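Enquirer: Here it is, the structure in full.
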Amino acid sequence: MADGTPDRNDRGLRIETLSGPARYVSGGAARLRVVVPRSIPLDDATIRVNGADVTDDFTPDDQAPHALEGVVRELPEGPSTVTAAVPRDRASTTLVNHPVTGPMFSGPQQPDFFCSTPAHLAGFDLAGPFLDDDCSLATRVGRYYRTTAGAWRPYDATAPRPADMATTPSGLDFVIRWERGTINRFIYTIAVLDPGGTGDLPHWNRKLIYYFGGGVAIGHYQGSNNQSESRYVYGLGAGYAIAWSTGTKTNTHYNLVLGGETAMMVKSRFVTEYGDPTYTVGLGGSGGGIQQYVYGQNHRGLLDAAIPQYSYPDMVTQTIHVGDCELLERWMDQKVLADPTSKWRQWTNRTLIEGLAASDTVANPYARLTPWLATPGSSECVNGWRGLSPLALNPKYGTAPGITPEQQASVEWTHWNDAVNVYGRDPDTGFARSTWDNVGVQYGLRALVDGKITPAEFLDLNADVGGWKEPQDAVQEGCPFVAQACPSDVDVWSARNVTAPNADGVRPRTEGSVDAMRAAYRSGLVFDGKIDIPVIDWRHYLDAELDMHNARQSFASRQRMLDATGSAANHVVWFTDARPARAFDQTPMALAVMDEWLANLRAHPSRGVVGNKPAAAVDSCFATDGTPLYRGADAWRGILDRGPAGPCTQRFPIHGTSRTVAGGPFDEQHYKCALQPVRKAIARGLYGSWRPSAAERARLEQIFPTGVCDYRRPDVGRPLSWR
């Protein structure tokens with residue numbers, strides 16, 4: 001799909017950059033289209049790059065009427081001028097070429113960046129050597145076949161057909177062309193069906209899946225392969241080409257400015273070498289879903305459609321409530337340790353202040369380390385999120401495969417440092433600025449108002465919950481996060497890095513950097529709801545198993561879209577039941593519906609994205625076997641509106657978070673609350689039927705000396721011009 005602004009009106013001569021924005025060319029090559037007025041023969045067109053005639057590199061374009069298409073190569077770094085001329089008309093555009101090692105716009109590259117280990121290179125059927133300090137590898141292209149046992153093996157076309165050769169659903173030998181190399185210091189792959197090995201790829205359906213990888217990591221490493229993504233079997237068998245990179249896999253890093261840049265560079269490589277696809281659809285779960293929302297917002301033209309799975313709106317605002325988890329778990333666990341009859345021994349009660357799901361029957365993987373707690377039973381904070389607060393926040397905790405203890409000790413291992421080009425550094429400490437903030441947050445407020453916890457519990461919770469130490473004061477984690485600390489030094493809550501109580505018994509809260517918060521917004525790390533492509537957001541319903549991919553996140557994304565534009569009609573939400581198990585993959589159905597949606601859009605562009613929705617592109621829920629339970633615009637009624645619960649809402653309950661329990665907004669897009677004095681909060685009736693005594697009011701003012709959250713007012717972290 002062409003990206004860029006034409007140099008003439010639609011009836012004149014114009015140059016289009018097919019491989020990406022003209023200002024972001026990489027690797028010295030770009031695919032261009034020159035559209036010629038119908039009245040002029042194509043043979044009359046002349047095309048030059050920096051004055052050199054390259055007309056012979058262009059041929060008639062079979063994807064556009066009366067146009068030439070070709071690839072310009074050996075572009076120098078920096079700007080190059082491309083001109084096209086016909087009798088009585090001329091057009092030009094400027095291409096800006098960047099090194100294939102990057103960067104284009106993500107800023108200075110990490111100096112402490114470690115190349116993939118031999119074991120991880122082997123996952124790409126690569127063995128090195130690295131060619132430079134940027135971990136560059138020679139580009140390799142090979143042919144591989146799918147075995148009937150579900151493995152990939154090198155394919156030798158000169159040898160007899162392997163006895164274990166699998167076939168595609170259409171009956172073709174399942175042989176692919178698999179390209180691997182390095183772009184922007186990460187390892188990329190491109191796979192496409194190629195049973196004949198002729199080079200013209202007749203079995204490619206002209207459609208591209210960019211498969212974005214999930215997971216959680218904080219950078220400084222080149223990455224490893226995920227075979228189920230980079231060689232996505234269903235997609236390849238159906239004829240799609242698959243693009244993938246370790247740099248667009250959040251189990252490598254979560255700097256989505258760098259990730260978006262990498263995605264643009266990988267797609268540019270694909271379009272330049274393979275051709276302009278009919279469309280590019282995003283696919284991928286968890287962090288792979290987040291990338292689709294964020295890149296769909298930030299990089300127009302990169303994706304034509306998105307199928308985020310198990311997604312969140314973004315990663316950076318998830319840290320807000322996830323950072324609360326261990327603070328709250330520590331407080332409740334200590335209550336049970338002191339009093340075995342405490343209400344917090346019943347796991348389902350933990351939802352009262354955490355908001356997230358909890359269960360009295362799901363097993364707790366950390367039960368042996370906290371034997372005084374009830375078993376079975378656990379919470380999403382434990383089963384889904386435990387260990388991620390230190391991973392994101394503690395500069396001493398992280399690591400990378402294959403590095404030495406000295407190398408590990410030399411790196412600041414936080415998400416904030418991984419994306420320091422966005423967040424900046426604190427001039428006083430030298431550490432990367434953090435957005436995490438809980439000043440004024442009244443944990444458990446809704447439970448207090450609802451009468452589920454007492455005023456004494458509310459006061460004790462908020463006095464003792466604390467915050468996280470500043471990075472310069474952080475210490476290394478204990479067991480189970482550092483294996484060498486086990487079994488004696490148990491600290492499942494990272495309590496050693498919680499702020500210590502003052503003389504009045506109040507643990508100070510943590511104040512984040514407003515500059516960092518506003519930078520996150522401006523850089524696009526925050527999904528702000530501005531996405532206009534077709535989106536099918538699909539997930540298994542996993543709340544019952546306390547999985548981190550909780551169901552509310554689909555609707556948090558939708559709420560942000562509604563807030564940004566007033567409409568989310570391009571956004572479809574599908575749930576498939578996973579009780580008692582994940583038994584059906586709705587992805588092929590989503591791809592088929594998206595294919596129809598995009599075909600409609602190509603045929604009737606004037607109708608727009610919403611006007612071209614096929615009948616199946618509608619909010620839906622499905623049974624465990626994939627059969628529809630309900631389809632309709634009212635499927636999820638009652639989640640983002642005040643109507644009665646829709647048929648799917650009734651079947652799939654949605655939970656909250658610690659910040660929604662504290663009075664924060666549903667969509668969680670609130671880094672730092674504006675504050676109001678305790679006396680005003682009391683006067684407003686914020687505490688329901690509780691009327692604090694003089695002593696209780698004095699304690700509230702000790703706990704919240706600068707005031708309590710006033711969520712009626714905008715996020716303090718949001719840039720002023722965006723409010």
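Enquirer: Looking only at the range 461-493, count how many residues are within 23 Å of Glu412 (Cβ to Cβ), assigned to a helix (DSSP H, G or I) and open to solvent by less than 70 Å² (accessible area, probe 1.4 Å).
Expert: Number of matching residues: 2.
Enquirer: Here are Ala127, Ala157, Ala138: which of them is touching a helix residue (DSSP H, G or I) at 6+ places or on another chain (Cβ under 7 Å), open to solvent by 50 Å² or more (accessible area, probe 1.4 Å) and free of Cβ contacts under 8 Å to residues at least 60 places away in the same chain?
Expert: Values: Ala157 fails: touching a helix residue (DSSP H, G or I) at 6+ places or on another chain (Cβ under 7 Å); Ala138 fails: touching a helix residue (DSSP H, G or I) at 6+ places or on another chain (Cβ under 7 Å).
Only one candidate qualifies: Ala127.
Enquirer: State all residues of the range 231-252 that are touching a helix residue (DSSP H, G or I) at 6+ places or on another chain (Cβ under 6 Å), in a helix (DSSP H, G or I) and polar (S, T, N, Q); if no residue qualifies, say none.
Expert: Residue satisfying the conditions is Thr248 alone.
Enquirer: Additional query: For His299, are the conditions met, namely being free of Cβ contacts under 8 Å to residues at least 40 places away in the same chain, open to solvent by less than 40 Å² (accessible area, probe 1.4 Å) and within 17 Å of the chain's Cα centre (by Cα)?
Expert: In short, yes.
Enquirer: Mind checking which residues of the range 238-262 are over 18 Å from the mean Cα position of the chain (by Cα) and either open to solvent by 10 Å² or more (accessible area, probe 1.4 Å) or within 17 Å of Ser286 (Cα to Cα) (or both)?
Expert: Ala238, Tyr240
Enquirer: For the range 660-677, how many residues are assigned to a helix (DSSP H, G or I) and crowded, with 23+ Cβ neighbours inside 10 Å? I'd like the intermediate steps shown before the answer.
Expert: The first filter runs over the range 660-677 and keeps only residues assigned to a helix (DSSP H, G or I), leaving 660-661.
Checking the rest, the ones that are also crowded, with 23+ Cβ neighbours inside 10 Å come to 661.
Within the range 660-677, residues that are assigned to a helix (DSSP H, G or I) and crowded, with 23+ Cβ neighbours inside 10 Å number 1.
Enquirer: Give the range 77-96 a look and list any residue that's open to solvent by 10 Å² or more (accessible area, probe 1.4 Å) and not β-branched (Val, Ile, Thr), or say none.
Expert: Of everything in the range 77-96, those that are open to solvent by 10 Å² or more (accessible area, probe 1.4 Å) and not β-branched (Val, Ile, Thr) turn out to be Glu77, Gly78, Pro79, Ala85, Pro87, Arg88, Asp89, Arg90, Ser92.
Enquirer: What single numbered condition from (1) touching a helix residue (DSSP H, G or I) at 6+ places or on another chain (Cβ under 6 Å); (2) open to solvent by 40 Å² or more (accessible area, probe 1.4 Å); (3) in a strand (DSSP E or B) fails to hold for Arg579?
Expert: Failed condition: (3).
Enquirer: Just to check your reading of the model, which residue among Ile290, Ile320, Ile307 is of a type outside the set (Lys, Arg) and in contact with a Leu (Cβ under 7 Å, 6 or more places away or on another chain)?
Expert: Ile307
Enquirer: Being out of contact with any strand residue (DSSP E or B) (no Cβ under 9 Å at 6 or more places or on another chain) and more than 30 Å from Asp577 (Cβ to Cβ) is the filter; apply it to the range 602-625 and report the residue that is most open to solvent (accessible area, probe 1.4 Å).
Expert: This residue is Arg607.
Enquirer: Can you pull out the residues in the range 84-93 that are in contact (Cβ under 8 Å) with a residue 40 or more places away in the chain and either under 39 Å from the mean Cα position of the chain (by Cα) or farther than 12 Å from Asn50 by Cα (or both)?
Expert: Answer for the range 84-93, where residues must be in contact (Cβ under 8 Å) with a residue 40 or more places away in the chain and either under 39 Å from the mean Cα position of the chain (by Cα) or farther than 12 Å from Asn50 by Cα (or both): Ala85, Val86, Pro87, Asp89, Arg90, Ala91, Ser92, Thr93.
Enquirer: Pairs please, first residue from the range 599-611 and without any contact (Cβ under 8 Å) to a residue 24 or more places away in the chain, second anywhere and of a type in the set (Lys, Arg), Cβ atoms under 8 Å, 6+ apart in sequence or on different chains.
Expert: These pairs meet every condition: Asn600/Arg607; Asn600/Lys613.
Enquirer: Tell me which residues, restricted to the range 628-659, are open to solvent by less than 40 Å² (accessible area, probe 1.4 Å) and in a loop (DSSP other than H, G, I, E, B).
Expert: Gly632, Ala635, Trp636, Gly638, Ile639, Gly643, Gly646, Phe652, Gly656, Thr657
Enquirer: Moving to a separate point now. As an exercise: evaluate Leu700 against (1) closer than 30 Å to Asn550 by Cβ; (2) touching a residue at least 12 places away in the same chain (Cβ under 8 Å) and give the number of the one condition it does not meet.
Expert: Leu700 satisfies all of (1) closer than 30 Å to Asn550 by Cβ; (2) touching a residue at least 12 places away in the same chain (Cβ under 8 Å) except (1).
Enquirer: Somewhere in the range 336-348, is a residue within 25 Å of Asp437 (Cα to Cα) and open to solvent by 10 Å² or more (accessible area, probe 1.4 Å)?
Expert: First, the residues of the range 336-348 that are within 25 Å of Asp437 (Cα to Cα): none.
Scanning the range 336-348 turns up no residue that is within 25 Å of Asp437 (Cα to Cα) and open to solvent by 10 Å² or more (accessible area, probe 1.4 Å).
The values are calculated or read from the model by the stated rules, or taken from the named source; none is laboratory data. Computed from a prediction, not measured in an experiment: that's the story for all the values here. FYI the Cβ positions are ideal-geometry reconstructions off the backbone, even for glycines, and counts take in every protein chain you see. Please note that ligands, DNA and RNA were not included when accessible areas were found on the heavy atoms of the full protein model with its side chains. Shrake-Rupley method; radii C 1.70, N 1.55, O 1.52, S 1.80 Å.
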